[in-house]
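First comes the structure, then the notes that go with it.
What follows is calculated from the coordinates using simple rules that are stated; it is not laboratory data. In this text the structure is predicted, and so the values were computed from the model without any measurement. Every residue, glycine among them, receives a Cβ derived from its backbone with ideal geometry; neighbour counts consider all protein chains shown.
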Amino acid sequence: MNRILTLVAFAALMLPGGAMAQEVVTGAAKVVDADIIMVDKQRVILWAVDAPERTQKCYVGELLWDCYAASRQALTDIIASGEASCTLRDGKPDQFNRRFGVCTSAGVDAGAELVRLGMARAYVEQGDDYLAQEEEARAAQIGVFQPGAKIDDPWEWRKRDPRNYR
C-alpha cells in the first residue's frame, strides 16, 4: 500500500498543476507602461507582446502620432475593470522587480487584445502566441498598421535608444 501511495504522489508531481505549478498573481491592476501592468505589488510585462516605447516617435503620413500614449490608453481600457490575473513565466524579477506573464482582465487576454487592436506587436522573440491577432490588426489596418503609418518595431527602436527598457 505504501508503494502505491508513493507512486501516486510521484505521479502527481509530474502532472501540470503539481509541484511545478505556475505562479499566478491576482488583484487590483493598474497600467504602468504601454505593455506593463502592476498587479498586487508585482509589475508584469505582457508576455510575447511589444508596444511602442515612451520615447518612440511614430508618424501617420507627415503627422506625429503619440503611438505610446495610444497603446497605453488601449491597455488601460482593456483592464478597465481594475482587476487582473497574471500567470507569471518562470524566472526571477528583473532589476525593476518585473516579471513576464500572461494577464487576463474580465476574461480577456490583455496581450492578445492589445495586439488585435494594433496597439502592440507580437514579440516573436518570446513566442508566436499572438501572430494571429497581429495578422487580424494588419488586415483591418488599425493602430500601428493604419495606412500611412511610419513606426519602427519597438525592439528596433530600443536597439538605437541607449536606455535599458527590457
What list do you get for Glu23, Glu113, Glu62, Glu136 if you sort them by fewest beta carbons within 10 Å?
Glu62, Glu23, Glu136, Glu113
Only residues of the range 79-96 count here: report those whose backbone N is under 11 Å from the spot 7 Å along Cα→Cβ of Glu23, or say none.
88-94
Order of Trp47, Trp65, Trp155 - criterion: other Cβ atoms within 10 Å of each residue's Cβ, fewest first:
Trp155, Trp65, Trp47
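What is the order of Ser81, Ser71, fewest Cβ neighbours within 10 Å to most? List each step's numbers first, then the result.
Working: Ser81 11, Ser71 30.
In order of increasing Cβ crowding within 10 Å: Ser81, Ser71.
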Tell me, in nm to one decimal, what length is gained between Ala132 and Glu156 on full extension, where the rule is 0.36 nm per residue of separation less the Cα-Cα distance?
6.5 nm
Net length gained if the chain between Glu62 and Val124 were fully extended (0.36 nm per residue, minus Cα distance)
19.4 nm
